[in-house]
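The values are calculated or read from the model by the stated rules, or taken from the named source; none is laboratory data. Small disclaimer: the values here were computed from a predicted structure and weren't measured. With ideal geometry, Cβ positions are generated from the backbone for all residues, glycine too; neighbour counts draw on all protein chains shown. Note: areas computed on protein heavy atoms with side chains; ligands, DNA, RNA excluded. Shrake-Rupley method; radii C 1.70, N 1.55, O 1.52, S 1.80 Å.
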Amino acid sequence: MIDEFEFFLDKPWSDGLPVVTPTEARLATMLAATRRYPDEPIGRIPPAMEPVTVRIAAIHALMAGCRPEYLPVVLGALPLMLREEFNLNGVQGTMHGVAPLMIVNGPYAAHIGINGGNGCFGPGFRANATIGRAIRLMLLNLGGGMAGIASATIFATPMRYTACVTENRGRSPWESLAVSKGYADDDDVLTCAMVESPRLHFDDVSQAPERLLTGIADGMTALGSWNMHARSDMVVAMGPQHATICERAGMSRADVHRWLVERAGRTVGDLKRGGNWRRERALQFPIAVDPDDDACFIPTLKDPIDLQLIVAGGWGPCTAICHGWSGGSRAVHGHYDAEA
Amino acid sequence: MNELPAAELPFIDPTAGGNRPAIMLAARPMDLAGKVIAMIDNTKEQGALILETMAQALRERYGVSKVIIRRKEHYSKPATDQLIDELAQEAQLAVAAVGG
């Protein structure tokens, strides 16, 4: 008699937690959520390069605990994450501990209950927990991205269990991230960015944007952050309370984005005090800097498109900052088909 | 308890089947004298320094006839097939460096 829970953990075909046993009956229910042909190829997961089809993605979605209606998001995410500029291969092998954070926008995200409000980065929300977990199980089982095998990660991150949120559209004073990229408000759009766990920035004092954003900018500029030392992505999830302070002072989402891109950073002299500063690294930046001038300002974001500014979380005086990876991964955006 | 063939399990193998043939490791030479060695610089800082130091030691101490050092496009990306094929044409051994 096989204990299926122990079997999947022994193989190992899990992330360390028990998985829902994939049976033919459960798979049929999962596949009923898509009109796509089960053997349709989607791609290969690096670095092991095992193929993923609609059927294999559905198996992993059900193992992760997804409801069938979550499958279109999983299927939509895979081709985005396999784009060359996302560099999944590099992240699977890196010493760093970033994870592909999925920011799911559009009416379908709300329809299936992805949480962008209180506790959105934490436990308790099935869609957030299982959609990101489905992706992770594929990165492990098909890509071989296991620590100590294909992955040289030093710490990894809790975000490698799951990393899936939406924005708090109900309390955001601004348009969504997707709309800021040119999509319509009712488009179902997914953004994926390779980032570390969120670092919480509390500020229950500031009532004006200048002071508030100065503090948030400080959280974006740690000496040991790769954002300071290479072109890296970053996700800043402003709590709706912080975003509202800016909006009431007349700042649009684009204004806050611009403020942070222009003002978050450190001088060369400051960076030399600790962390990853190397002159030759600064010379690789895609922007002109003078590494021999201690007064030269080094912005955290080397290109404005690398900052994904969203409004998420519950009401309260906090913003979450996710730093990025050094190895060259660019955030990806695209439609996902809720009817697929 | 994991010895049952996949077809007899009461549940589905979540992988693509795992039927690809295993790739055998190449035989290791017992002697480096007269050999050509390829080295791949992964572009991280000081990787080249490590490789050049090794190349010198291999020539001086082990009689390696030639060391070819090539640089990848970026440390986070695999070496291209073209680069690997080029090195395989000439070298009997390869060393990949990790700098940083």
The stretch B:28-71, subset open to solvent by less than 60 Å² (accessible area, probe 1.4 Å) and modelled with pLDDT under 90, residue farthest from the other protein chains (Cβ to nearest Cβ): B:Pro29
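With a cut-off of at least 3 residues that are in contact with a His (Cβ under 8 Å, 6 or more places away or on another chain) and not hydroxyl-bearing (Ser, Thr, Tyr), name the helices (runs of 4 or more DSSP H) lying wholly within the stretch A:185-268.
On the way: elements: A:209-219, A:240-248, A:253-263.
Correct list: A:209-219.
Does the stretch A:112-131 contain any residue that is part of a loop (DSSP other than H, G, I, E, B) and within 24 Å of A:Asn87 (Cα to Cα)?
First, the residues of the stretch A:112-131 that are part of a loop (DSSP other than H, G, I, E, B): A:112-125.
Now restrict to residues that are within 24 Å of A:Asn87 (Cα to Cα): A:121.
Scanning the stretch A:112-131 turns up at least one residue that is part of a loop (DSSP other than H, G, I, E, B) and within 24 Å of A:Asn87 (Cα to Cα).
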Scanning for something farther than 27 Å from A:Asn227 by Cβ, in contact (Cβ under 8 Å) with a residue 60 or more places away in the chain, crowded, with 22+ Cβ neighbours inside 10 Å and within 11 Å of chain B (Cβ to nearest Cβ), does the stretch A:46-55 turn up at least one residue? yes
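Look at A:Pro291 and say whether it is out of contact with any Pro (no Cβ under 9 Å at 6 or more places or on another chain), open to solvent by less than 40 Å² (accessible area, probe 1.4 Å) and either modelled with pLDDT of 95 or more or under 23 Å from A:Glu210 (Cα atoms) (or both). Quick ask: steps written out before the conclusion?
Values: out of contact with any Pro (no Cβ under 9 Å at 6 or more places or on another chain): yes; open to solvent by less than 40 Å² (accessible area, probe 1.4 Å): yes; either modelled with pLDDT of 95 or more or under 23 Å from A:Glu210 (Cα atoms) (or both): yes.
Spelling it out, A:Pro291 is indeed out of contact with any Pro (no Cβ under 9 Å at 6 or more places or on another chain), open to solvent by less than 40 Å² (accessible area, probe 1.4 Å) and either modelled with pLDDT of 95 or more or under 23 Å from A:Glu210 (Cα atoms) (or both).
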Are any of the residues in the stretch A:257-267 more than 14 Å from chain B (Cβ to nearest Cβ), open to solvent by 40 Å² or more (accessible area, probe 1.4 Å) and among the β-branched types (Val, Ile, Thr)? yes
Selection within the stretch B:31-52 - assigned to a strand (DSSP E or B) and touching a Leu at 6+ places or on another chain (Cβ under 7 Å): B:Ile37, B:Ala38, B:Met39, B:Asp41
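Please indicate, with yes or no, whether at least one residue in the stretch A:156-167 is crowded, with 19+ Cβ neighbours inside 10 Å and touching a Lys or Arg at 6+ places or on another chain (Cβ under 7 Å). Let's see the steps before the verdict.
Going through the stretch A:156-167, the residues crowded, with 19+ Cβ neighbours inside 10 Å turn out to be A:159-160, A:162-167.
From what is left, the residues that are touching a Lys or Arg at 6+ places or on another chain (Cβ under 7 Å) are A:160, A:162.
Yes.
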Which one is nearest to the chain's Cα centre (by Cα) among residues in the stretch A:10-20 that are open to solvent by less than 70 Å² (accessible area, probe 1.4 Å) and more than 9 Å from chain B (Cβ to nearest Cβ)? A:Asp15
Of (1) within 25 Å of A:Gly93 (Cβ to Cβ); (2) more than 16 Å from the chain's Cα centre (by Cα), B:Ile40 satisfies every one except (2)
Under 6 Å between Cβ atoms, at least 6 apart or on separate chains: pull out the pairs that start in the stretch A:21-37 with a residue that is buried (at least 18 other Cβ atoms within 10 Å of the Cβ) and end on any residue that is basic (Lys, Arg) and part of a loop (DSSP other than H, G, I, E, B). none
Can you name the condition, by its number, that A:Glu4 falls short on among (1) under 25 Å from the mean Cα position of the chain (by Cα); (2) at the interface with chain B (Cβ under 9 Å from one of its Cβ atoms)? (1)
